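One structure below.
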Amino acid sequence: MTQRLRIQLGGQAPAAGSAHFEDFEVNLPSGATLLDALEYIRTGVAPDLMYRHSCHHGSCGTCAVRVDGKEVLACLTALDSLAGGIPVIEPLRALKLEKDLAVDPGALFRSLPKNTSHLRESEVEHYIRFEDCIECGSCVSACPVTARSWDASTGKVEGFLGPAALAAVHRESLNSPERAEEMRTVAERPDGVAACEKHFDCSRVCPRMVYPGKHIEMLRREFART
């Protein structure tokens, strides 16, 4: 199939230039994904196109971008689903832009509770993920509060921990009861649960159905009971 894409280029990296949009045309077989299209462009007319990717099957979360204003994983987005127009491909919001579609996920990782258990040993004697969250940043980008509170000069979201961090706080309080009070102290900070405005955009875009908004509301209810 032939599909035209409108992609944001440029950004904040040295020599990246101001952010602007350019149209690219790809010709790929049925079943191709948006990530396939980006690689088609990078190996052809735009060898310096920057974006993040790794696993190609929705497990790592690194290829998250915005398509027509909605956060998606490029590796799980069928190119066929974008037919009928020229979709606009942009980087995630509320994270420092490196260049083109690549953002720095460092702020997201630093917002998560320290020393949390992400892995557990299975019965077949190998390690698997303990939680479904893949730290893709989609929920942070989609949240109106983080988008409004992000300070481009510091690369930080001021005044709100964000949905990914609060969901992780709640999961850690359940998975490690001995840390429940520590996690509650974090969640009860002014930039914690109280700063959430209940938009639930975070839950709507989560590719792994973690539903961060649900976790935040569960924390809110726990506070109300005590």
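No lab work stands behind these numbers, since they all come straight from the coordinates. What you are looking at is a predicted structure, and each value in this text was computed from that prediction instead of being measured. In this analysis, Cβ positions are derived from the backbone assuming ideal geometry, glycine residues included, and neighbour counts consider all displayed protein chains.
Evaluated over the chain, the count of Lys pairs having alpha-carbon atoms less than 26 Å apart is 15 (only pairs 8 or more residues apart or interchain). Were the residues from D80 through K214 laid out at 0.36 nm apart, the gain over their Cα-Cα distance would be 45.1 nm. Average projection, convex hull of the Cα set of segment 2-103: 6.1 square nanometres. Report the residues of segment 85-113 in range of a label on R204: point 7 Å along Cα→C-beta, backbone N strictly under 18 Å from it. The answer is 88, 90, 92-94. What angle do you read, to the nearest 10 degrees and between 0 and 90, between the alpha-carbon axis of helix 212-225 and the longest principal axis of the chain? Once rounded, one gets 20 degrees. Placing a pseudo-label 7 Å from each Cα along the Cα-to-Cβ vector at V45 and F21 gives an inter-label distance of 1.6 nm. Report the paramagnetic label zone for R189: residues of segment 197-213 whose backbone N is under 20 Å from a point 7 Å from Cα along the Cα-to-Cβ axis. Under cut-off, by backbone N: 197-198, 212-213.
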